[in-house]
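A.B. asks: To start, I am sharing the structure in question, which I have written as structure tokens.
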Amino acid sequence: MRDLVPFGDGSPLRCRAGVVLVAIGVLLLVSSLVVGAALAPDVGSAADNETRQTLVGSQGGGPGLHDHGSVYLLDGRETAWKTGDTDSYFDVTMLDNGSVMAGFMQGGYEDCGPYESPCTHTGFRIIDPNDDSTAEPEVEYEYSFPVRSQANSEVHDVELLDSGEFLVSDMEHERIFTVKDGEVTWQWNASDRYDAPDDPTRTDWLHINDVDVISEDRYLVSVRNAHQLVIVERGEGVVEVVNGDEETTQGDPTLLRQQHNPQWLGEGRVLVADSHNDRVVELERDESGEWQVVWEIYAAEGVNFNWPRDADRLDNGNTLITDSLNKRIVEVNRSGATVWSYGTPEVPYEAERLPEGETVGATSYADAESDEPTTIGEGRDVPVLSFLLVIFQTGLQTPFWFNEGHVAVTIVSLVCVLSGFGVILRDRLTRG
């Protein structure tokens, strides 16, 4: 009779146990993905009989979302024109002459100032879509400057002023500034209000990601990492703070958390893509000067928002939302019903409905008869798993239905697979 070899001495049983662990890990992961895809709701396909024109700035894909950036125009659900071959595009605006102005970021420049060549440039471009549908869109003007790295140094927004100046948000130096004929004509430095590091180009200090014109010489600025919006007046500096006061330099993250692209609806009212709270929120300043939620939405088409980065209140009273990590654009009415949606090929940054674009002043959803906010959907924040989900989605561009549950299963599967391979390796080393 053949003698049995103890399990701890390198028995084939141990090797088989390792194989079983690997198989369980793979089966768990594959099963969760198959079930998730099979049960996923139909997202990004809502449509009605109205033809909508939507201008999209796409940040792109790949690690860090710095690949395959593009600008394109949707005519209904069809792409009327598109331009790409750029690492990333951001905020887009159609000008009166039909050209498109867009913030961008691109590597491979030789003019690098204090940085090593080749380097990354950021700034804005004016793109001519061309009336001839057979011709490619062309970049007819560019203003850009070198930055230390691709990460968190981009120009996300630019506005054309009546003066002919361009108003620019600048993450690299944490400021807003105006430029005309290639020369800076005015600037406001965030260090005038916020405590600055020795060199803001070496750290993602404030991440100023948006600037909008409210009125002549008054600008609404999104200071993302401070969870605040500030109104800057030329010649005066900060004259108002949303989510804080004159003394506070960090806002309440339950009200706004690393927001993008606010829209000034009117005096004391603002619509914000509250990105890291995964919602879109309308805020109203009450009689005491505090900003309160009057309307918020967490989901559309049965799917929770994931890092929404733009929200525009449209002329028809609906709200157009760019849901970045879910790779979709949705138009919802006041009750939260989706009236139009579009699944984007890459991660979108911002979208504008034409012809109005993002307006200054728009319909408010505030209800004068009730002190309670209107809440549509439910927030979702699973400790640790929600944070890891963002990493998965920005790094791998996982599908919209990939949620915290899939993250948990992926971790368990990975532990099983690694443990199984460890058992197999140990067995072979012992037997060898």
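The values are calculated or read from the model by the stated rules, or taken from the named source; none is laboratory data. Note that the structure is predicted; figures quoted are calculated from it, not measured. Every residue, glycine as well, gets a Cβ built from its backbone with ideal geometry; the counts of neighbours run over all protein chains shown. Ligands, DNA and RNA are stripped out before the accessible areas are found, and what is left, the full protein with its side chains, is counted by its heavy atoms. Shrake-Rupley method; radii C 1.70, N 1.55, O 1.52, S 1.80 Å.
A.B. asks: So, LEU167, is that one open to solvent by 40 Å² or more (accessible area, probe 1.4 Å), among the aliphatic types (A, V, I, L, M) and within 25 Å of THR359 (Cβ to Cβ) or not?
C.D. replies: Values: open to solvent by 40 Å² or more (accessible area, probe 1.4 Å): no; among the aliphatic types (A, V, I, L, M): yes; within 25 Å of THR359 (Cβ to Cβ): yes.
No.
A.B. asks: Would you point out which residue out of THR178, THR185 is at pLDDT 95 or above, of a type in the set (Ser, Thr, Tyr), touching a strand residue (DSSP E or B) at 6+ places or on another chain (Cβ under 6 Å) and open to solvent by 60 Å² or more (accessible area, probe 1.4 Å)?
C.D. replies: Working: THR178 fails: open to solvent by 60 Å² or more (accessible area, probe 1.4 Å).
Criteria check complete, one pass: THR185.
A.B. asks: Additional query: Quick check: anything in the range 321-328 in contact with an Asp or Glu (Cβ under 6 Å, 6 or more places away or on another chain) and under 26 Å from PRO345 (Cβ atoms)? Explain how you work it out, then say what you get.
C.D. replies: Going residue by residue through the range 321-328, those that are in contact with an Asp or Glu (Cβ under 6 Å, 6 or more places away or on another chain) are 322.
Pick out the ones that are also under 26 Å from PRO345 (Cβ atoms) and you get 322.
Yes: one or more hits.
A.B. asks: While we're looking at this one, here's another question. Name the single residue, out of those in the range 335-368 being closer than 23 Å to GLN59 by Cβ and small (Gly, Ala, Ser), that is most open to solvent (accessible area, probe 1.4 Å).
C.D. replies: If we take residues in the range 335-368 being closer than 23 Å to GLN59 by Cβ and small (Gly, Ala, Ser), then GLY343 is most open to solvent (accessible area, probe 1.4 Å).
Residue-wise test of (1) open to solvent by less than 20 Å² (accessible area, probe 1.4 Å); (2) at pLDDT 95 or above.
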site	(1), (2)
PRO63	no, no
LEU73	yes, yes
GLY76	yes, no
ASP85	no, no
VAL92	yes, yes
GLU110	no, yes
CYS119	yes, yes
PHE124	yes, yes
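A.B. asks: Still on this structure, I have one more. Within the set of pairs 6+ apart or on separate chains, which have a first residue in the range 414-428 that is free of Cβ contacts under 8 Å to residues at least 60 places away in the same chain, a second that is open to solvent by less than 100 Å² (accessible area, probe 1.4 Å) and part of a helix (DSSP H, G or I), and C-beta atoms under 7 Å apart?
C.D. replies: The qualifying pairs do not exist here.
A.B. asks: Please work out if GLY317 is modelled with pLDDT of 95 or more, at positive phi and either surrounded by fewer than 21 Cβ atoms within 10 Å (Cβ to Cβ) or within 17 Å of the chain's Cα centre (by Cα) (or both).
C.D. replies: Numbers: modelled with pLDDT of 95 or more: yes; at positive phi: yes; either surrounded by fewer than 21 Cβ atoms within 10 Å (Cβ to Cβ) or within 17 Å of the chain's Cα centre (by Cα) (or both): yes.
Yes, satisfied.
A.B. asks: Right, another one. As an exercise: evaluate ARG309 against (1) within 20 Å of SER335 (Cβ to Cβ); (2) part of a strand (DSSP E or B) and give the number of the one condition it does not meet.
C.D. replies: Just one mismatch for ARG309, condition (1).
A.B. asks: Restricting to the range 292-311, name every residue that is surrounded by 24 or more Cβ atoms within 10 Å (Cβ to Cβ) and under 15 Å from LEU271 (Cβ atoms). Working first, answer last.
C.D. replies: Step one: filter the range 292-311 for residues surrounded by 24 or more Cβ atoms within 10 Å (Cβ to Cβ), giving 297, 300, 305, 308-311.
Of everything in the range 292-311, those that are surrounded by 24 or more Cβ atoms within 10 Å (Cβ to Cβ) and under 15 Å from LEU271 (Cβ atoms) turn out to be ILE297, PHE305, PRO308, ARG309, ASP310, ALA311.
A.B. asks: Which one of these is of a type in the set (A, V, I, L, M), buried (at least 24 other Cβ atoms within 10 Å of the Cβ) and more than 14 Å from ALA190 (Cβ to Cβ): LEU265, LEU283, LEU229, LEU255? Walk me through it before giving the result.
C.D. replies: Values: LEU265 fails: buried (at least 24 other Cβ atoms within 10 Å of the Cβ); LEU229 fails: more than 14 Å from ALA190 (Cβ to Cβ); LEU255 fails: buried (at least 24 other Cβ atoms within 10 Å of the Cβ).
Criteria check complete, one pass: LEU283.
A.B. asks: Here is a further query. Could you check, for the range 75-92, whether at least one of its residues is assigned to a loop (DSSP other than H, G, I, E, B), within 17 Å of THR394 (Cβ to Cβ) and without any contact (Cβ under 8 Å) to a residue 60 or more places away in the chain? Spell out the reasoning first.
C.D. replies: Here is the first cut: in the range 75-92, the residues assigned to a loop (DSSP other than H, G, I, E, B) are 76-77, 87.
This time we only want the ones that are within 17 Å of THR394 (Cβ to Cβ), so: 87.
Pick out the ones that are also without any contact (Cβ under 8 Å) to a residue 60 or more places away in the chain and you get none.
No, the range 75-92 contains no residue that is assigned to a loop (DSSP other than H, G, I, E, B), within 17 Å of THR394 (Cβ to Cβ) and without any contact (Cβ under 8 Å) to a residue 60 or more places away in the chain.
A.B. asks: A follow-up question, please. Regarding the range 11-28, can at least one residue be identified that is at pLDDT below 90, surrounded by fewer than 16 Cβ atoms within 10 Å (Cβ to Cβ), in a loop (DSSP other than H, G, I, E, B) and of a type in the set (A, V, I, L, M)? Before you say what the answer is, go through the steps one by one.
C.D. replies: From the range 11-28, those at pLDDT below 90 are 11-18; that's our starting set.
Keeping just the survivors that are surrounded by fewer than 16 Cβ atoms within 10 Å (Cβ to Cβ) gives 12-13, 16.
Now restrict to residues that are in a loop (DSSP other than H, G, I, E, B): none.
No - not one qualifying residue is present in the range 11-28.
A.B. asks: If you check ASP427, ASP371, which single one turns out to be over 30 Å from LEU55 (Cβ atoms), surrounded by 15 or more Cβ atoms within 10 Å (Cβ to Cβ) and of a type outside the set (A, V, I, L, M, F, W, C)? Even if it seems obvious, please write down each step before you answer.
C.D. replies: Numbers: ASP371 fails: surrounded by 15 or more Cβ atoms within 10 Å (Cβ to Cβ).
On inspection, the qualifying residue turns out to be ASP427.
A.B. asks: Can you list the strands (runs of 3 or more DSSP E) found entirely within the range 205-306 that contain at least 1 residues being within 15 Å of the chain's Cα centre (by Cα) and among the aliphatic types (A, V, I, L, M)? Please lay out each step first, then the result.
C.D. replies: Values: elements: 208-215, 218-223, 228-233, 237-242, 260-266, 269-274, 279-285, 291-297.
Ranges flagged: 208-215, 218-223, 269-274, 279-285.
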